[in-house]
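Down below is the structure, laid out as structure tokens.
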Amino acid sequence: MKFYKYHALGNDYIVIDPKTSAFKPTPRAIERICHRNFGVGSDGILYGPLISGKAIGLRIFNPDGSEAEKSGNGIRIFSRYLLEAGYVRERRFKLHTLGGEVQVELLEPDGRLLKVDMGEVTFDSDRIPVGGTRREVIDEAVQFNALTCRMTCVSVGNPHCVIPMDSISKESALALGPTVENHPLFPNRINLQLLRVIDRKNIQIEIWERGAGYTLASGSSSCAAACAAHKLGIVDSSVSVHMPGGTLEIEIRPDGHVYQQGSVSSVAAGDLSEEFVRSL
């Protein structure tokens, strides 16, 4: 069973291609492969391409075995794999995810730098989803771990809770992340971004990802944090998002679409051993 491993700013994924691997993406198998001691180790699995006519589909799995609607870094990684495996030759192409269709543009011929139209953002509580009466969830007071926060929630095809703070750290993300992810307000769980505004063109975030935990970088989280900060009027429409793993460039268009631009690095390609596969 073949696998291909890449990272995007330290956020690493394993690509498993159904054409080259007889793999059933069960929660147990996903957890074992992603485990950093008992498996290959990664922040998730990208399963595809799933081809129907001319459409290219992708399934995205978190390391806890749950399925994600969308992943900004995962989409960039998978797009580079599609190029290297010969599935795409065009500079621009579309991918279908559980969270909607995305448009990918190769900025470098080898796929090391890409730009992705992540689709239209929404702050609508029913579409994110967030509990309570239907509304736009913008700058709402909420209490997590006895700490009163101001949250703005957004969906970019997957759900996010953005909390601005004067000072952020890995430790604060680790402390708040599990509580926010699993709070009753969020029926499908949620991703958390702690946001610090540097200036109108730069923000810093710390990330807790639903189903994955603390993460060095995230494309969808960068989009969500930039969109939330822009909605609050504290940043411009083009923002550099700084994370522990590196920086992504985010652009918010007048039509409500958000674009992310960033790099992808190849790590490894190999075969899972027969012994390991049998254990799945």
Checklist outcome for this item: Only unsatisfied item for Ser273, checking (1) without any contact (Cβ under 8 Å) to a residue 12 or more places away in the chain; (2) within 22 Å of Gln204 (Cβ to Cβ), is (2)
Checklist entry - Quick one: Pro129 ticks every box in (1) within 18 Å of the chain's Cα centre (by Cα); (2) at pLDDT below 95 bar one, so which box is it? => result (2)
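This table checks each residue for (1) crowded, with 23+ Cβ neighbours inside 10 Å; (2) β-branched (Val, Ile, Thr); (3) at negative phi.
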{"position": "Ile205", "(1), (2), (3)": "yes, yes, yes"}
{"position": "Tyr214", "(1), (2), (3)": "no, no, yes"}
{"position": "Ser222", "(1), (2), (3)": "yes, no, yes"}
{"position": "Cys227", "(1), (2), (3)": "yes, no, yes"}
{"position": "Ile234", "(1), (2), (3)": "no, yes, yes"}
{"position": "His242", "(1), (2), (3)": "no, no, yes"}
Checklist entry - Can you spot a residue in the range 108-128 that is closer than 24 Å to Gly256 by Cα, assigned to a strand (DSSP E or B), charged (D, E, K, R) and without any contact (Cβ under 8 Å) to a residue 40 or more places away in the chain? => result yes
Checklist entry - Mind checking which residues of the range 1-41 are in contact with a Lys or Arg (Cβ under 6 Å, 6 or more places away or on another chain), under 18 Å from Ser79 (Cα atoms) and either assigned by TED's automatic domain parsing to the domain that holds Glu209 or in a loop (DSSP other than H, G, I, E, B) (or both)? => result Thr20
Checklist entry - How many of the residues in the range 242-269 are within 17 Å of Tyr81 (Cβ to Cβ) and at pLDDT below 95? => result 0
Item to check | Residue list for the range 65-92, restricted to those being within 20 Å of Gly270 (Cα to Cα), in contact with a Pro (Cβ under 9 Å, 6 or more places away or on another chain) and either touching a residue at least 60 places away in the same chain (Cβ under 8 Å) or acidic (Asp, Glu) (or both) | outcome: Phe78, Tyr81, Ala85
Next on the checklist: Looking at the range 46-64 only, could you name the residues that are crowded, with 16+ Cβ neighbours inside 10 Å and in contact (Cβ under 8 Å) with a residue 40 or more places away in the chain?
Outcome noted: Ile56, Asn62, Pro63
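The values are calculated or read from the model by the stated rules, or taken from the named source; none is laboratory data. Predicted model only: the values in this text are computed from it and were never measured. Note that each Cβ is placed from the backbone with ideal geometry, even for glycine, and that neighbours are counted across all protein chains shown.
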